[in-house]
Amino acid sequence: MSRLKFMSTRPPFPFDSTFRLVEPPAPSWHIGDGLPDVSKHWAEGVMESPRKSWDLTDPKITKESYRLLTSAIIPRPIALVSTLSQDGEPNLAPFRWTAIPLFLSVSHNPPMVSLSFSLSTRRPKDTRNNILATKEFTVSIISEAFAEAANSASVESPADSDEWIISGLRKEDSTLVKPPFVKESAIGMECQLYSSQDITPSGSPEPSTTIVLGLIKKIHVREAVLNEDGMTIDPAKLRPIARLGGTTYGRLLEGFDLSRISWKSIRDLYPDISRGDRL
């Protein structure tokens, strides 16, 4: 069996690097400060440059808007979605918004995720059709360890091929829905179709996108990636990846905490700030 090779002069993947918490960019920032002085190097290179604008209502730049938006709205969460056809044929596809498709969390009450499908005249999206027909699917979060395997499931293979075989990933039985989730994934979600909506561009008679909302009926998490509280996920253990622009992916290596500011704590200071007085 042939193996895919990636020839590059880039350094090897740094497996020893892992997520850590650092200080926020401007620990001494106060309300009303705006862009902090510590960001001056970024500001000099970015804030002083002119803007280039695109009119996204112009249908002639649809392809350009795809490249622009997928490189601007980053990082984007990615996951593997598993479905079954009405005949029981399995399908596995990565979702990471390349305009084909988008995966996002929508709500925690009720717990829901959304999937977005870009419709094509070349070939219908199996995942979309399967969800609309069977009303079920699973979502499996992708970690660094099986990034290549997950990516291989995006291949536009013939309808009678099996992405599970192509990726080499294994199935784990769900308990409330029929489609399995990915055994290698530390987080698997069993979902039921909540609603779907076709979106039609202005001036066009045909829809270009289908949005699917899925109700998360059950979630399975490996204990090894949980924090000590037994409820939340430790990103250093999960090691998730995200989609950037083009064919580029990103890692989660650093994070910082920012407490939410309460109005009570700044209420007495607001009048001075509104007059332009500096604290």
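For every residue, the table says whether it meets (1) closer than 18 Å to Ser154 by Cβ; (2) at pLDDT below 80; (3) within 16 Å of the chain's Cα centre (by Cα).
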site: Glu44; (1), (2), (3): no, no, no
site: Leu56; (1), (2), (3): no, yes, no
site: Lys60; (1), (2), (3): no, yes, no
site: Glu64; (1), (2), (3): no, yes, no
site: Arg76; (1), (2), (3): yes, no, yes
site: Ser85; (1), (2), (3): no, no, no
site: Ala93; (1), (2), (3): yes, no, yes
site: Ala99; (1), (2), (3): yes, yes, yes
site: Ser105; (1), (2), (3): no, yes, yes
For this session: Run down Ser116, Ser152, Ser161 and say which single residue is closer than 19 Å to Ile211 by Cα and surrounded by fewer than 21 Cβ atoms within 10 Å (Cβ to Cβ).
Result: Ser116
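Here is a yes/no grid of residues against (1) in contact (Cβ under 8 Å) with a residue 40 or more places away in the chain; (2) not hydroxyl-bearing (Ser, Thr, Tyr):
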{"site": "Glu223", "(1), (2)": "no, yes"}
{"site": "Leu226", "(1), (2)": "no, yes"}
{"site": "Ile233", "(1), (2)": "yes, yes"}
{"site": "Ile241", "(1), (2)": "yes, yes"}
{"site": "Leu244", "(1), (2)": "yes, yes"}
{"site": "Thr248", "(1), (2)": "no, no"}
{"site": "Phe256", "(1), (2)": "yes, yes"}
{"site": "Asp268", "(1), (2)": "no, yes"}
{"site": "Ile273", "(1), (2)": "yes, yes"}
Exercise. Considering the stretch 34-45 alone, what residues qualify as being in contact (Cβ under 8 Å) with a residue 12 or more places away in the chain and either at positive phi or loosely packed, with under 10 Cβ neighbours inside 10 Å (or both)?
Worked result: none
Problem set entry | Of residues in the stretch 46-79 being aliphatic (A, V, I, L, M) and assigned to a loop (DSSP other than H, G, I, E, B), the one most open to solvent (accessible area, probe 1.4 Å) | Met47
Exercise. So how many residues does the stretch 182-203 have that are open to solvent by 50 Å² or more (accessible area, probe 1.4 Å) and either touching a residue at least 12 places away in the same chain (Cβ under 8 Å) or on the phi > 0 side of the Ramachandran plot (or both)?
Worked result: 11
Problem set entry | Residue that is nearest to Val139 (Cα to Cα), among those in the stretch 166-181 that are hydrophobic (A, V, I, L, M, F, W, C) and open to solvent by 20 Å² or more (accessible area, probe 1.4 Å) | Leu176
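Each row is one residue, and each column tells you yes or no for (1) hydroxyl-bearing (Ser, Thr, Tyr); (2) at pLDDT 90 or above; (3) not in a helix (DSSP H, G or I).
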residue	(1), (2), (3)
Ser120	yes, no, yes
Val139	no, yes, yes
Ala150	no, yes, no
Pro158	no, no, yes
Seminar exercise, completed: Scanning the stretch 225-276 residue by residue, those open to solvent by 80 Å² or more (accessible area, probe 1.4 Å) and small (Gly, Ala, Ser) turn out to be Ser259
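The values are calculated or read from the model by the stated rules, or taken from the named source; none is laboratory data. Just so it is clear, the model here is predicted, and its values are computed rather than measured. Positions of Cβ are generated from backbone atoms using ideal geometry, with glycine treated the same way; all protein chains shown enter the neighbour counts. Quick note on the areas: whole protein, heavy atoms, side chains included, nothing else; ligands and nucleic acids left out. Shrake-Rupley method; radii C 1.70, N 1.55, O 1.52, S 1.80 Å.
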